[in-house]
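Single-structure report; data block below.
Read-outs throughout are calculated quantities, based only on the coordinates presented, and are distinct from any laboratory measurement. Bear in mind that the values here come from a model prediction, so they are computed numbers and not experimental data. When we count neighbours, we look across all protein chains shown, and the Cβ atoms used for this are built from the backbone with ideal geometry, even at glycine.
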Number of protein chains: 2
Amino acid sequence: MNTNKNIVQTICSTDFIDLGMGNPDFNLLPDEILRLASEKAFTKGINASLQYGREQGNGYFRVALADFLTGSLDKKVDADSLFISTGSSSALNLLTTLYTKAGDTVFVEEPTYFLALRIFADHGLRVISIPIDEEGLNADALEDELKKYQPKLLYTIPTFQNPSGHTLSLERREKLIELAEKHDFLIVADEVYHLLPYGNPTDFKENSPSKKHIQEGRKSHQKNSFENLSGLPLKPFALFAKDSTQIASLNSFSKILAPGLRLGWVQAHPKVLKKIMSAGLLDSGGGMNPFTSAIVHELVTSGDLEKNIALLRRTYHSRLNVMDKAIKEMLPSAEYTLPQGGFFFWVRIRGQNTTELRQHAKEFKVDFRQGVLFSANQGMTEYMRLCFAFYSEDEIIEGVERLSHCIS
Amino acid sequence: MNTNKNIVQTICSTDFIDLGMGNPDFNLLPDEILRLASEKAFTKGINASLQYGREQGNGYFRVALADFLTGSLDKKVDADSLFISTGSSSALNLLTTLYTKAGDTVFVEEPTYFLALRIFADHGLRVISIPIDEEGLNADALEDELKKYQPKLLYTIPTFQNPSGHTLSLERREKLIELAEKHDFLIVADEVYHLLPYGNPTDFKENSPSKKHIQEGRKSHQKNSFENLSGLPLKPFALFAKDSTQIASLNSFSKILAPGLRLGWVQAHPKVLKKIMSAGLLDSGGGMNPFTSAIVHELVTSGDLEKNIALLRRTYHSRLNVMDKAIKEMLPSAEYTLPQGGFFFWVRIRGQNTTELRQHAKEFKVDFRQGVLFSANQGMTEYMRLCFAFYSEDEIIEGVERLSHCIS
């Protein structure tokens, strides 16, 4: 594991286990398939990708990505519905610039991805949070807030949410789109975990996937058989985007390939894409990452991306089970819904202020992220986010054990 | 020349000469040295650069870049004063997000780079333009406007300005910093042409470099000997940044290597860098382009970057002379200052509305950019921007000849 502070964002010393991180494991970063893809790209000729690129992203790359998504999402995806970004944070930042101005209101989930809150703060926005439950964002609560506010956009992580792990039901997805069209706001759906489900595909193909799997505390052990890795969860917002001008689905190669590539895509209606492409930033700099696109292109068409995702799903699935077992054994007071995909456990320990707990965690050479970080209004104080993607199975067990010592 | 509309931003058919483009020549894009650099990076191990990168950019890459700049700028550059960006447009966009909010005022030069105006429009800013002359931005006019407005930032292209080609004198650079400190605005200096001077170094090492070289119309032929390619122009704002918290110097690999890499840097005081690093975008996505940085790193340390710049300077210098000669011969009514670096001629044709002229240009299979594009207040109607970087010498001559037919 390379932990050099000169290179990577998250610093971790070898005797420390930070279960709060949201990074992929260094050992799972696919340098070999990228080396091969890079060789192929240079052999074929990379010259055109060294020029200012087309604003929407290289057309051939978009066709290859659309073919890959058509196979993965089991529904025809059109290359013209894709915009190549430098990752979902960058796309969120761009959409925020284009759809809001300082003082405007945006809606987020409670809890939500804490760094999205930072991006909204940079733009001077008022942030209103909508509670989520086992079926994702609460549509009734949303409707209530819409009586009081006119948001410019709603930021949601509909599938295997960061941090809660919850997945929005199909019924609520449809309701959300209806409300967005009625009240004219943009749904910015951060779908970066969509391609990382660890459940049985049949688990996801119903309206309320979570109903079967709601497990709290020790009960969650009843359901953890995810042998079939071919399935994908519910229809993503990406697939609704074809028919609605109120959706931008953000996705990224960060979780399925490598974050350092800074490459992702937006799937949206032509009207939304037209607005994105009108950005001065794109007119000036051209496409957001032509050179890296040319390399990743080879890896998409060779089938290596698909193989990499399969490897990640097997590995993360196994780590998820290990963390689940470890928490049950060593943190009996922990309450959580077993995640069906993504990177995170969202654990509640009643009566425990996790911000205070974190101050002591370092003594035990362990860390996590305190719940309040993920709240737009200082809530979630009894929660913590634990990641099962970054560490090996042994380290996960060791980390949970240290956490149990810290708590007791 | 690859002209595929699926890949590149600027489409050009083979029998058309668009002298308005601001792109480097396809034939000068350094695919071979990038292939070598890429191989080296993978051989050494690219794993750490596939992870979320450090916000400021890979520390080893910054050290290599600082060494290169120390050699080029003839003054010690500290790696800690550098932030790795995805190009100057992206850095400008980021600084605009962090330093302004909708309704704020920013200052630009008249004329200025037209796509910067588009970025400011996306942020809902009021744009006030300050005239420039042969010595760059007019400091007296700036002082007058500062009595009326409190700008959050001033956007300047101090060296070989796009479009005018003018270079700000040392005296005015110092005055500008004094005013920025007094009135508390940020000087955003877009210095992407700084490393592409084609003049004798002694020409640049005086306070008012332009005085010797002001040539209008046919007279400009008197001065065009740029044999010595070792020299660099005046002290860039980058080198003032060490001592002033009011400067962000933007630079890029787009003009000295390849735009498709989407890689650049900001040189600034620690206080400014701290503000940049506080951006939610960086906290979320990490460093802006770790993978590409790892590859370009190899090319900086091998000396290939320096060789590439020397090649570009020789080639562009020669093209500049060819365009100068062609304009004198075929457009005798053209008035311009002979550029000492950069990409552009800024040509005035008295009595000619260049917006109207451009409507006829396509019939003659030639194009340019009309002056009004570069004006924040609909001025510059008799000017046109011509680029000598994109086309070969023969094409430049042919393009100017077509333009002369169009005008007459």
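Between the stretch A:49-96 and the stretch B:63-138, the C-alpha centres lie 28 angstrom from each other. If a spin label sat at a point 7 angstrom from the Cα of B:N377 along the line to its beta carbon, the backbone N atoms of the stretch B:106-131 nearer than 18 Å would be those of B:106-114, B:117-118, B:121, B:125-131. Taking a point 7 Å out from the Cα of B:H405 in the direction of its Cβ, the residues of the stretch B:346-375 whose backbone N falls within less than 17 Å of it are B:358-368. Kindly list the residues of the stretch A:97-116 that lie in the label zone of A:R126, defined by a backbone N under 12 Å from the point 7 Å along the Cα-to-C-beta vector. Within reach of a label on A:R126: A:103-107. Take the Cα coordinates of the stretch A:306-357, assign each an equal point scatterer, and use the Debye formula without solvent to give log10 I(q)/I(0) at q = 0.17, 0.19, 0.22 Å⁻¹. The calculated log intensity ratios at q = 0.17, 0.19, 0.22 Å⁻¹ are -0.61, -0.71, -0.85.
Calculated mean residue ellipticity at 222 nm for chain B: -12000 deg cm²/dmol, from DSSP H runs with n ≥ 4 weighted as -39500 (n - 2.57), summed, divided by the residue count and rounded to 500. Placing a label point 7 Å from Cα along the Cα-to-Cβ direction at B:S302 gives distances to the equivalent points in the other copies of 2.0 nm, listed shortest first.
As a calculated quantity, the FRET efficiency between A:E329 and A:E363 at R0 = 22 Å, using C-beta atoms, amounts to about 0.50. The amide H of B:E110, built 1.01 Å from its N in the peptide plane, has B:I130, B:I132 as neighbours under 5 Å, considering only residues 5 or more places off or on other chains. Here is how far apart the A:S13 label points are across copies: 6.7 nm, shortest first, using a point 7 Å from Cα toward Cβ.
Listed values for the stretch B:337-350 are Karplus-derived 3J(HN,Hα) couplings in whole Hz (6.51 cos²θ - 1.76 cosθ + 1.60, θ = phi - 60°), namely 9, 5, x, 9, x, x, 10, 10, 9, 10, 10, 10, 10, 4, and x replaces Gly and Pro. Look at the alpha carbon pairs under 8 Å that are at least 6 residues apart: their mean separation over the length of chain B gives a relative contact order of 24 percent. Across the stretch B:144-159, computed HN-Hα scalar couplings (Karplus, 6.51 cos²θ - 1.76 cosθ + 1.60, θ = phi - 60°) run 4, 5, 5, 6, 9, 10, 10, x, 7, 8, 10, 9, 10, 10, x, 10 Hz from first to last residue, x flagging Gly and Pro. With the biggest extent put first, the Cα atoms of chain A measure 59, 53, 42 Å across the principal axes.
Structure note, pairs B:K175/B:K242; B:K75/B:K182; B:K101/B:K275: Cα-Cα distances above 20 angstrom occur for B:K75/B:K182. Using the Cβ-Cβ distance between B:S392 and A:T43 with R0 set to 25 Å, the FRET efficiency works out to roughly 0.40. The same position A:H405 in the other copies lies at 8.4 nm from this copy, comparing label points 7 Å beyond Cα toward the beta-carbon, shortest first. Sorted into 20 angstrom bins from 0, the C-alpha pair distances of the protein assembly as shown split as 16, 47, 29, 7, 0 percent. Remark: the stretch B:400-408, residue by residue, has Karplus-estimated 3J(HN,Hα) of 5, 5, 4, 5, 5, 5, 4, 5, 9 Hz, where x stands for each Gly or Pro and the curve is 6.51 cos²θ - 1.76 cosθ + 1.60 at θ = phi - 60°.
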